[in-house]
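The values are calculated or read from the model by the stated rules, or taken from the named source; none is laboratory data. The structure displayed is predicted, hence computed values, not measured ones. Note that we place each Cβ from the backbone using ideal geometry, even for glycine, and neighbour counts take in every protein chain shown. For the accessible areas, the whole protein counts, side chains as well, though only heavy atoms, and no ligand, DNA or RNA atoms are used. Shrake-Rupley method; radii C 1.70, N 1.55, O 1.52, S 1.80 Å.
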Amino acid sequence: MIPVQFDYAAPTTLQEALGVLAEAGEDAKVIAGGQSLLPILRMRLNAPEKVVDLGRIEELRGITDEGSHLVIGAMTTYADVLASSAVRDHAALLVEAVKTVADPQIRHRGTVGGALVHADPAGDVGAPALALGAEFVITGPGGERTVPADEFFRDLFETAVGEGELLTRIRVPKHTGWGAHYEKFVRVAHQWSIVAVGATVRVDGGSIAEARVGLTNMGSTPLRATAVEQALVGRPATEEAVREACAAAAEGTDPPSDLNGSADYRRHLATVLTRRAVLAAAGA
Amino acid sequence: MTVTDERSTAAGPEVGRSRLRKEDQRLITGRTRWTDNIVLPGMLHAAMVRSPFAHANIRSIETEVAEQAPGVITVVTGADVKDTQGAVATAWPITTDQKTPDHLPIAIERVACAGEIVAVVVARTAAEARDAAELVDVDYEELPAILDGREAAEDAVLAHPSLGTNTSAVWRLDSAESGTGGNVEEEIAKARTDGIVIEREYRQQRLIPSFMEPRSTVVDPTGEQVTVWTSTQVPHLLRFLIAATTGMSESKIRVIAPDVGGGFGGKLQTTAEEFATLAAARRVGKPVKYTETRSESLVSGHHGRDQYQRLTLAASKDGTVTALKVDLIANLGAYVGLVGGGTPVLGAWMFNGIYKFKAYQFNLRTVLTNTTWVDAYRGAGRPEATFAIERIMDELAAELGADPLEIRERNWITHEEFPFASVAGMTYDSGNYEAATARAKELFDYDGLRREQQERRDRKDPVQLGIGVSTFTEMCGLAPSRVLGSLNYGAGGWEHASIRMLPTGKVEVITGTSPHGQGHETAWSQIAADRLGVPFEDIEVLHGDTQIAPRGLDTYGSRSLVVGGEAVVRAADKVVEKAKLVAAHLLEANAEDLDFSGGRFTVKGTDQGIGITEVAAAQFTSHNLAEGMESGIDADATFDPVTFSFPHGTHLCAMEVDTETGGTRMRRYVAVDDIGQVVNPLIVQGQVHGGLVQGIAQALWEEAVFDEQGTLVTGSFVDYTLPTAADTISFLTDNTTSPSTTNTLGTKGVGEAGCIASTPAVVNAIVDALRPLGIDDVRMPCTPERVWTAIQSAGASAGGEVSGGAQPHFDEDAPNQDGPEPGAAEAGQKGADQ
Ligand SMILES: Cc1cc2nc3c(=O)[nH]c(=O)nc-3n(C[C@H](O)[C@H](O)[C@H](O)COP(=O)(O)OP(=O)(O)OC[C@H]3O[C@@H](n4cnc5c(N)ncnc54)[C@H](O)[C@@H]3O)c2cc1C
C-alpha cells in the first residue's frame, strides 16, 4: 500500500492554495482530512503529481453564526461539528448524521468539505446538507460563487466544484427548534450506509408543520424526498399517519445493487427508515 | 469484568491462576520482532506481480522496462528459477489417487487463480519495487474459469485442463464398513416407513482468515545457513518443505517465526510468497524482504470453509436419532494446500456430534476451481460439521414440535457413558453435557426468554425473538502420529519440549509449538513453575526458531497445550528426576528418601534440604558430583498423544430479528465450555471471546465473494465486513470441568471451541425467530437482505446469492491496474448506474 511518489505543498492561505492549484493544473489533488484520498492513493487508484494540503489554512476551518445561517468552513472536522453547540441548536440533523460516520479516529481527521466534495452517495453528510438547504461557497481563480444544494451534487463522485476550484464553506439555514434524526442502516458498525435517511421536522401543536427528508445511497447523488416532505405537513406525529406519508419515500430513487443489497431491497429499506427517522425526529 | 493479576507470592499453584500475559506488552505496543520490523544490512525489497485473471495461459512476460526503473536490481520470473524455486506442497493426500496440481511459487506457463504470482521485482526500496511491478508487462491468454464447487463437480469447465477432471479426491467413512455402527441406508429406509427423515442442504460460505499481521518474509542468504524469518504458524514444517522441494540441504536452512500477529489457520501453510522471496534472495545473494498489502493478503492467503453440505438424518417417531448421512462437496480452490483436502476430512468424525447414532456415513468430494486456495481456518472441518449437525438437530426438534434442548438430551451421550466409542470410530475421553447445559440455561434465563419470545409472537411484534442452541463437541490435540499415519498424513503429531536449568536459577523452557498470539509463554511458564517449583517470573519460554527449538510440529488444531504442554510436563518431571540424584549426593542421602515439593528436595523426616535452583548451580560448577555422574540436569521430552481430547460445551444465543428490515441484533450469548482443566482462566476467556466473535461473524457478516470473472469482490475490509468490538455484545461465559484422561494436566483444547460452537447457535436463533413464518433456513451470512428476502417469500427462499459487486467508495479510474475487463470496482459502479 505505497502510493506513487508525489510532490507536496502546504499553503497557509486560500489565495496561495489557489495559486498552487492553478500552476499545477490537472496533475494536482487537494487533500483535506485524507480519509478518502489516502486510501485512493495507497491503492494506486490515482497518482497525482502534486498533493495540496489545506490543513494549514486557518480561514477554512471553524463554525460561525451569521444570524439566519451557520457558516461551516470546509476544513471543519466531523469532531468539530460534534463539539459545536451552534450546530446542535440550529442544524441538529447534521450532528445526528455526523455521529454515525465511521469511528472516532476518522471523525477527528475527516472534514465536512472533503466529504461533500468527495460526494460518495453512501457518505453521510450529503443528504443532511441537501435536506437542510445548504448553500455551497466555491472559490476559484475568478473569485467566489455560491451554489444551492440541489445544484451541487452532479453525479457519482461529481460536484459543482471544478478543476482549480475549492469548496471553501457551506452556509446552512438555521432550523432552530426542529427535531432531527438520522436513521443509518449498516451491517457492521464501521460501514458506509447501505441506506440512510435524515429527517428534520418542526412540530407544532402535535402535528408536523414542516419537514425535510434526505436520502443517503438511494441514487448516484444524495436525494431529497420532497413528496414525503409535502405529505407530512399537517399530519399528526403518529405511527400510522407518518407511515402513510412515508410510503412514497423511494419514489424517483435509483439505488445501487451490490453486496449489501439489491435496489429493490434498498427501496424497501428507504420507506421503513424514513418512517422511523421522521417519528424519531418528531419525538414520537 | 475487572482483571487483577494475582501475584506469584500468593499461595497455591500457578495452574488455574488468571495471570496477565507476560508477552502482551511487547505484542500490543508492537515494539517487538514482527517480521516486517526486521531490517538487515544491505536488505532489498520485493514486490509481487500478480495475475488479475482467474485462469490464463502466460504467453510472455516483458521485464525490461521494469528492470530499467529506478532502484530495481532484478525481476525474477518463474522460468528464471524453475530448478530452484521449489514447490508449495500438500502434506495430506487424502487418497492415494488424489489429483494434486503442481503448485509453483512463481507460475510459469499458466495461472489458475487471480492473485497468483507471475514475477518478483527486487529493488532497493519497497516503493521502488512496487512502482516497477506495474511496469512488468505480462501477456495473458484468458481461459474459461470455474469458480463454484458444485458446478466444478460437473467437470463442464476444468480448473486444470490437464487433470481431465475437477475432482481432486473422493473420501468416505462408513460405520458399517468400519465396524463402528450399522448400515446407513437400512436405517434411513426404516425411518422412511415408520420414522422421521429430515433432508437438508446447507452452504458453508467461503471465509477469509483475516489475521491482524499481514504475512511477511525476510530471507538472508548471506550466511552459511540461509535464514528465513516469516510470519508463520509452522516454522518447522516450512524448513522441512523448503529442503524437500528446493533440494537445499535441511541443515543449511534456519527458519524463524518471530512474533507472529495471528494466524487462525491462515498461516498454517507454506506459501508461494515465502518460496518466491527465498528464490529471489538466493538469486541476488542479498537479504530480501517481502511484506504483503492487506489486499494481497485477502486474495492470496488461503481462504476457509466453502462447502456444500447435503444431510439426511433418520430418527424414530419419538425423536431418537438413528442414522446420519453426509454428502459434502468441498471447494479447495486452485491448489491443494498444506492440509488441503484433509481439512474437510477432519469433519468426518464430527458430524455425528454428541449424539448416539446407530449408523453413519460421510462422503466427501474435494474439487479444484479457479479461486483462491482453501485450507484450514479456525476449527478446520469441525465448525462445518458442527454447524450441520446442530442445525439439523433443530430441524428435528421443529419437526416434532419439541424443545431443541429436549431433543438433544434424548440423544446425547450421558456422563456415565464416557469413555464413549462414537459411531464414527472415535473414543470421546470425558464430558458432562448435562452439567454444561444446566449451567448455560441458568445463566441464559432460558425460560424467561422463551416466555418473551411467546409474548412477541402473540402481539405480532415487528421485532421477533429467537433462541438458538448449540451443544457441540470437537476433537483437538492434533494428533496421534499413528492415526495420522493411517490417514496418509505426511508428518507425525508429537510435540517436543526441552528445559534448561541455568546456573543463576533461571529456567528456559523450549517448546516446539509456535505461538502467534495465544499466550503460550505465560501458560507454559505456569506449568513449568508448578512442576519445578520455581517462580513464574524466572521462566523464559523460547519458541519458533528451528535453531533454538530444533524439534517441533508447531501450532494449529488446538494442539499446543494438550500435546505441547504435556511435553513440558514430562520434560520438567525428567529434570526433577535428574536433579534428585544430584540432590541426594549433596544431601548425603538416598534418592528414595527425598521428597520434592515447592522447588525443594528434603530428606524425609529431617529438616535437611536443598532447592532445585541450588542443584542447578551445583551441576554447573560440577565441583561435587557423585562418582561417574554426568553433569547436567536439563531434559528433553517428546509426547505423542494416544488419542484426541474432546472438549464440549453448550452455547445459547438469543437474537432479535427486525422483520421490517431483516436486520438482526444479538440479545444474549451464553457459552459454557468444558475444556477440562484450565491452566489460565483469563487466557481461556480471551480464546473463547475471540472464537465466539469469529463464529458469529460467519453467521452474520463475513463472506468472500468472487464476480463472474473470478475477481475477489470482497478484496478489502470495506467489503469483507469483518466485525469490530462495536458489533458484539458482552458474552456470558463459564466452564464446567471434566478433566481429560489423555494427558497429565487433564487439559483439552480451547483455541477453536468458540468458533466451532457459535455459528449454528446464531443461525438457529434467527431461524427460530422466523419459524412461525414457515422459514426453516437462512443462508449464511444471514445478511439483513437475506433475512428480509426469506420473510418476503415466507420460507420459499432461504435468501440466495448476493446481488452485484462491491460499491466503490473511491472514485478515480484505475490508471495503474491492468485488470480483467469489468473489474470489481467497475462492476459495482455499473450496479450503481443502473
Ligand atoms: C474506514 C473508513 C470508514 C468511513 N466510513 C464513513 C461513513 O460511515 N460515512 C461517511 O460519510 N464517510 C465515511 N468515510 C469517509 C470519510 O467520511 C472521509 O473523511 C470523507 O469522505 C472525506 O473527507 P476528508 O476530509 O478526509 O477528505 P479527503 O480524503 O482529504 O478528500 C476527499 C476528496 O475531496 C477533495 N477535497 C477535499 N477538500 C476539498 C475542498 N475544500 N475543495 C475541493 N476539493 C476538496 C479531495 O481532493 C479528494 O478528492 C470513511 C472513511 C474511512 C477511511
Quiz item: So what does B:Tyr433 come to for accessible area, using a 1.4 Å probe and Å² rounded to 10?
Solution: 10
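Which trypsin sites (Lys or Arg not before Pro) does the range B:371-461 hold that lie in a coil by DSSP with at most 12 other beta carbons within 10 Å? Provide the component values of the computation, followed by the final result.
Working: sites: B:Arg378, B:Arg391, B:Arg408, B:Arg410, B:Arg439, B:Lys441, B:Arg450, B:Arg451, B:Arg456, B:Arg457, B:Arg459, B:Lys460; in loops: B:Arg378, B:Arg459, B:Lys460.
Here the sparse-neighbourhood loop sites are B:Arg459, B:Lys460.
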Self-check item: Helix-only mean residue ellipticity at 222 nm for chain B, each DSSP H run of n ≥ 4 adding -39500 (n - 2.57), per residue, nearest 500
Solution: -8500 deg cm²/dmol
Quiz item: How far, in nm, would the chain grow between B:Ile28 and B:Asp458 when pulled straight, counting 0.36 nm per residue and subtracting the alpha carbon separation?
Solution: 149.8 nm
Quiz item: Which value results when the Cα radius of gyration for the protein assembly as shown is divided by 2.2 N^0.38 Å?
Solution: 1.00
Self-check item: Too-long pairs where the Cα-Cα distance tops 23 Å, listed order kept, from B:Lys325/B:Lys356; B:Lys317/B:Lys441; B:Lys574/B:Lys604
Solution: B:Lys317/B:Lys441
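Leaving ligands and nucleic acids out of the surface, order A:Phe152, A:Phe185 by accessible area at 1.4 Å, largest first.
Values: A:Phe152 0, A:Phe185 25 Å².
Sorted by accessible area, descending: A:Phe185, A:Phe152.
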Quiz prompt | Relative contact order, percent, the range A:179-281 [alpha-carbon distance under 8 Å, six or more residues apart] | solution = 30
Self-check item: With all protein chains modelled, accessible area of A:His69 [1.4 Å, Å²]
Solution: 30
Exercise. Under 23 Å Cα to Cα from A:Lys50, which lysines show up? Leave out anything in the same chain fewer than 8 places away.
Key: A:Lys29
Exercise. Take each of the peptides B:767-778, B:287-298, A:22-33, average the number of other beta-carbon atoms within 10 Å over its residues, and list them starting from the highest.
Key: B:287-298, B:767-778, A:22-33
Quiz item: For B:Arg150 and B:Glu406, what does the FRET efficiency come to when R0 = 30 Å and r is the distance between their Cβ atoms, rounded to the nearest 0.05?
Solution: 0.30
Practice problem: Could you tell me which of the pairs A:Lys99/A:Lys174; A:Lys99/B:Lys460; B:Lys82/B:Lys286 are separated by over 27 angstrom between their Cα atoms in the structure shown? | Solution: A:Lys99/B:Lys460
Quiz item: Label B:Thr606 and B:Ala626 with points 7 Å out from Cα along Cα→Cβ: what is the distance between them in nm?
Solution: 1.5
Quiz item: If you count, for every residue in A:37-47, the Cβ atoms of partner chains within 10 Å of its Cβ, what is the mean?
Solution: 5
Quiz item: Any idea what Rg and Dmax come out to for the range B:1-158 if you just take the C-alpha atoms, in Å?
Solution: 23.7, 71
Quiz item: Gap in Å between the Cα centre of the range A:205-224 and the Cα centre of the range B:517-532?
Solution: 60
Quiz prompt | Cβ-placed point charges (K, R +1; D, E -1), dipole of the protein assembly as shown about Cα centre in debye, nearest 20 | solution = 1520
